Amino acid sequence: MYHIRDGLDHLRRGLRRLGDGETTDGVLVVTLEALSGAQKAADSIPVPGLDIIFELLHDILEKAQTSRANRKALRELREELSKLYTHLDNVKGSVDTRLQQYSLASLERKELTEGLPRAQPLMSRVELLQRQPQRRDLRKICNQADKLGHGSWFSRWFFSEADDKLLKEMKVRMSEACNRFQYVRSLEHATVFMSLTGTYRRKRAEQADARVLEQLSPGLDASFRAAINEMKSHYLKDTRKELFEDLHAWIDGRTDQLRNKRVVFLRGEAGIGKSTVATELCRRLQDTNVLGASFFFTRGAQKLDSTELFFPTIAVQLATLQPSLRPHIVAAARKYLQAGKVQRMQFAYEELLQKPLSTVSKNHPPFVIVVDALDECTQQAAKLVPEFLQYLLTCATSCSTSLRILILSRPEMHYVREVLDAPEFRNSVKTLVLSSPRYAASAHGDIRALIVKKLNDHEWSKKWSVGRPEVVKQLTDRSNGVFIYAETATNFLLNEPNNLDERLDLILSIETPIGFSNLDMLYLTVLETAFPKKDRYPPEEKRMRQVLGYIACLREQGGGFTPRTLEYLTGMSVEHSMSILNKLRSVVHFEFNNPDARFRVVHLTFREFLLSQSSPDPFHVTLTAVHGQLAVHCMTILLIYAKLPGWNPGPELQACQESSQRAPGKDRPFPFHVWYAVTHLEEHKRLAGTMPRESIVESFETMIRLKPLEHWMSRPIHGEAAQGSVTADVKRQHPL
């Protein structure tokens with residue numbers, strides 16, 4: 001393949017021969033051949049614009065070949081061509097030298113070769129070459145060359161004097177054009193190339209850093225942006241104004257009351273909107289680059305209801321959201337990982353958070369760590385939560401003056417209060433109470449706005465509420481500052497468009513006995529209305545109990561369950577589960593009659609109601625019994641899959657267990673219910689306590705009776721003999 005070096009060397013030899021006195025025609029022929037070859041090979045180095053230069057020079061010299069000008073004029077033209085050659089040769093040499101630092105097959109060389117033509121300032125120079133006046137200068141020279149003598153030898157001899165004059169003008173224009181092509185000078189020292197090299201080196205370093213951070217196994221569902229926190233993001237614009245004003249003033253240091261407080265503890269009852277506030281604040285802070293990290297504890301979600309992942313997750317998010325901290329955290333993570341991925345909380349705190357944050361400059365802008373739902377951290381809470389808080393508050397008070405920490409929780413447990421009141425933290429922590437007069441007054445108006453918005457979502461409900469203007473006030477008063485009460489009550493109304501008056505009267509007639517909350521009684525009313533006693537036939541009641549149990553005890557990671565995936569896990573048919581879920585849409589998010597729609601509680605308090613003693617039979621869910629059933633279902637699924645011919649879960653399931661918050665995607669060869677069984681079996685067994693062996697066989701036989709074995713598989717097993725073999729193996733492994 002003709003290389004650009006050959007073309008340039010050929011051009012240099014031709015120009016030298018021209019200067020040494022060889023005939024004009026002969027030298028021009030040689031030079032034209034060189035330029036033609038160089039033009040074809042211009043793409044052999046990634047320098048934009050060379051093809052344009054060679055094309056125009058070739059045209060100029062081709063036309064000059066026909067003239068009979070004197071040697072002096074041609075020599076002067078040669079000098080200008082030599083200048084251009086020098087520029088091109090420097091470009092070629094600079095690029096070639098640097099590309100030779102990498103092997104031909106290396107990824108770096110490929111990226112540099114592809115990236116150089118797109119780099120700035122090269123792209124801007126190419127644009128200049130492609131448009132007026134730069135290209136016009138060489139084009140004018142080409143037009144002048146058209147006037148050079150042509151035709152017979154006599155004509156060329158006759159016009160030689162005019163050709164001499166034209167060549168001199170062409171020399172002047174060539175000089176001007178060459179001066180305009182100064183873009184190559186910026187390449188003589190390879191500044192652009194060096195910039196690209198630096199860019200790709202930084203890219204490689206960033207990829208290496210990302211791999212280090214990934215090894216920390218952060219909680220992927222812990223961030224405020226995670227899908228599992230979707231229900232917490234329904235913020236109504238222009239609500240909670242006073243609270244957000246106070247929080248922003250605290251972060252910016254604009255309030256005397258909170259100026260020296262590194263930690264704010266925001267306390268409020270269940271359903272009052274704490275998580276919605278946390279989510280909205282995180283969104284605002286991320287938009288202004290002030291968010292450092294967020295961790296949303298979630299009761300019942302594996303590894304999100306414990307402190308195990310907290311410090312690794314916070315470290316990874318800080319490295320992502322606060323670039324100035326990234327190199328310090330990555331260096332700390334490399335050292336930390338040398339001792340293993342899973343370590344005690346003390347070492348995770350000291351090495352991943354305390355040491356990196358100790359390097360933060362005093363002039364660093366403020367950044368905030370948001371910790372939501374501390375009360376939902378339930379795994380060994382009495383032991384681990386105080387230790388966790390000790391580390392977190394120590395970090396806030398000693399590591400960096402730029403760090404702010406916001407913690408949101410229900411009224412704190414005694415062991416939390418003891419830490420907050422400790423002498424070393426007392427002056428650094430400020431507790432804000434959502435039920436205080438300053439915030440409660442605005443909450444009343446915010447709840448009213450929420451009710452109005454929901455009623456106005458439909459023309460029929462809007463028309464009804466206009467005809468009964470007292471409705472909004474009645475529901476607002478009933479809510480008593482609890483947002484989830486207002487949302488649930490409004491959902492309850494809107495789910496029966498033909499019975500709005502009847503349902504409103506039902507809500508207003510609810511009486512709250514001592515020991516019960518208004519919200520508990522609303523939940524009970526919803527359930528009794530959805531499943532009236534007269535319609536609770538034994539099969540229907542059994543299915544209702546099962547679905548309520550699944551709502552209370554299934555884990556929501558990995559996207560959550562649908563009626564279809566619930567059928568694959570438990571054997572309950574899509575039709576039966578949908579018939580129950582359709583009636584629960586006041587308290588459960590579910591798209592009516594859609595077997596592939598996820599279902600999840602509107603608020604955690606409904607799940608708590610089902611599990612509490614406030615929930616009477618038949619709505620009460622016995623935690624250990626349901627977890628036992630789910631453990632049996634998970635065990636059954638794994639027993640079925642273990643008998644697939646040639647099926648070996650191997651590294652895929654192991655990776656699935658290590659990253660239990662990631663549901664299977666296109667790269668995982670097993671379906672959701674299998675992933676769930678693998679990642680949650682041990683948890684369901686632990687929460688169930690004892691699990692009778694006969695339940696496993698009974699569950700297995702029930703599932704096989706309801707559906708053929710291939711229904712539960714990712715690939716079919718044919719024949720009754722195969723199914724019988726699997727059943728026998730199950731009984732043999734778990735004898736009664």
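The values are calculated or read from the model by the stated rules, or taken from the named source; none is laboratory data. Computed from a prediction, not measured in an experiment: that's the story for all the values here. Backbone-built Cβ (ideal geometry, glycine too); neighbour counts: all protein chains shown. When the accessible area is computed, the model is the full protein with side chains, heavy atoms only, and any ligands, DNA or RNA have been set aside. Shrake-Rupley method; radii C 1.70, N 1.55, O 1.52, S 1.80 Å.
Just read off the accessible area of residue 444 with the full protein assembly in place, 1.4 Å probe, to the nearest 10 Å².
About 90 Å², ignoring ligands and nucleic acids.
Sort region 249-296 into rounded, prolate or oblate with this rule: let a ≥ b ≥ c be the square roots of the eigenvalues of the Cα gyration tensor; rounded if a/c is under 1.5, and if a/c is not under 1.5, prolate when a/b is larger than b/c, oblate otherwise.
Because a/c hits 1.5 or more and a/b fails to exceed b/c, region 249-296 counts as oblate.
Per residue, what accessible area does region 209-254 have, given a 1.4 Å probe and all protein chains present, in Å²?
In whole numbers, region 209-254 has 50 Å² accessible per residue.
Calculate the FRET efficiency for residue 501 and residue 593 from the Cβ-Cβ distance with a Förster distance of 35 Å, rounded to the nearest 0.05.
Calculated value: 0.85.
How large a share of the accessible area of region 234-386, in percent, is made up of carbon and sulfur atoms when the probe is 1.4 Å and the other protein chains stay in place?
So the carbon and sulfur contribution to the accessible surface is 48 percent.
Determine Rg/Rh for region 223-264; Rg is computed over alpha-carbon atoms and Rh is the Kirkwood hydrodynamic estimate from the same atoms.
Rounded to two decimals, Rg/Rh equals 1.11.
With a/c under 1.5 counting as rounded, go ahead and sort region 578-622 into rounded, prolate or oblate using the C-alpha gyration tensor (a ≥ b ≥ c being the square roots of the eigenvalues; past the cut-off, prolate if a/b is larger than b/c, else oblate).
Here region 578-622 falls in the prolate category.
If R0 is 30 Å, what FRET efficiency do you get for residue 201 and residue 225 from their C-beta distance, rounded to 0.05?
Once the sixth-power term is evaluated, E becomes 0.45.
Full-extension gain between residue 424 and residue 466, please, as 0.36 nm times their residue separation minus the C-alpha to C-alpha distance.
Additional length available on full extension: 9.5 nm.
Between residue 341 and residue 508, what length comes free when the chain is fully extended (0.36 nm per residue of separation minus the Cα-Cα distance, one decimal in nm)?
54.6 nm
Using only Cα atoms, figure out Rg for region 337-376 and give it as a multiple of 2.2 N^0.38 Å.
Relative to the 2.2 N^0.38 Å estimate, region 337-376 comes out at 1.52.
Report the FRET efficiency, 1/(1 + (r/R0)^6), for residue 415 and residue 457, where r is their Cβ-Cβ distance and R0 is 45 Å, rounded to 0.05.
0.55
Counting only heavy atoms of protein chains, what accessible area per residue, in Å², does region 361-441 have with a probe of 1.4 Å?
Dividing the accessible area of region 361-441 by its residue count gives 41 Å².
Treating only the Cβ of Lys, Arg, Asp and Glu as charged (+1, +1, -1, -1), what charge dipole size does region 208-327 show about its Cα centre? Round to the nearest 20 debye.
That gives region 208-327 a dipole magnitude of about 120 debye.
Taking the Cα-to-Cβ direction at residue 109 and at residue 533 and moving 7 Å from each Cα, how far apart do the two end points lie in nm?
8.5 nm
Once region 415-503 is represented by equal point scatterers at the alpha-carbon sites, with solvent omitted, what log10 I(q)/I(0) does the Debye formula produce at q = 0.22, 0.24, 0.26 Å⁻¹?
-1.02, -1.14, -1.26
Which whole-number value in Å³ per residue fits the convex hull of the alpha carbons of region 273-418?
Cα convex hull per residue, to the nearest whole number: 103 Å³.
Magnitude of the Cβ-charge dipole of region 307-459, K/R +1 and D/E -1, about the Cα centre, nearest 20 debye?
Its charge dipole is roughly 440 debye.
Can you give the Kirkwood hydrodynamic radius of region 455-565 from its Cα pairs, in Å with one decimal?
Across region 455-565, the inverse of the average 1/r is 16.1 Å.
For the peptides 534-541, 498-505, 260-267, what is the packing order when you average, over each peptide's residues, the other Cβ atoms within 10 Å and list the highest mean first?
260-267, 498-505, 534-541
Please work out the average accessible area per residue across region 469-519, using the 1.4 Å probe convention, and give it in Å².
49 Å²
Say the dipole of region 458-527 comes from +1 at the beta carbon of Lys and Arg and -1 at that of Asp and Glu; which of 467, 489, 506 then lies farthest toward its positive end?
Checked the options; the winner is 467.
Pick out, from 223, 244, 212, the residue whose Cα sits farthest towards the positive end of the charge dipole of region 199-259, with +1 on the Cβ of Lys and Arg and -1 on the Cβ of Asp and Glu.
The Cα lying farthest towards the positive end belongs to 212.
From largest accessible area down, sort 320, 307; use a 1.4 Å probe on the protein chains.
I get 320, 307, largest accessible area first.
Along the charge dipole of region 356-515, Cβ charges K/R +1 and D/E -1, which of 434, 381, 400 sits furthest on the positive end?
Of 434, 381, 400, it is 400.
Given 10 °C and 1.306 mPa s, compute D for region 358-494 with the Stokes-Einstein relation, Rh being the Kirkwood radius over Cα pairs; round to the nearest whole µm²/s.
87 µm²/s
Determine the share of region 560-606's accessible area contributed by carbon and sulfur atoms, expressed in whole percent, with a 1.4 angstrom probe.
48 percent
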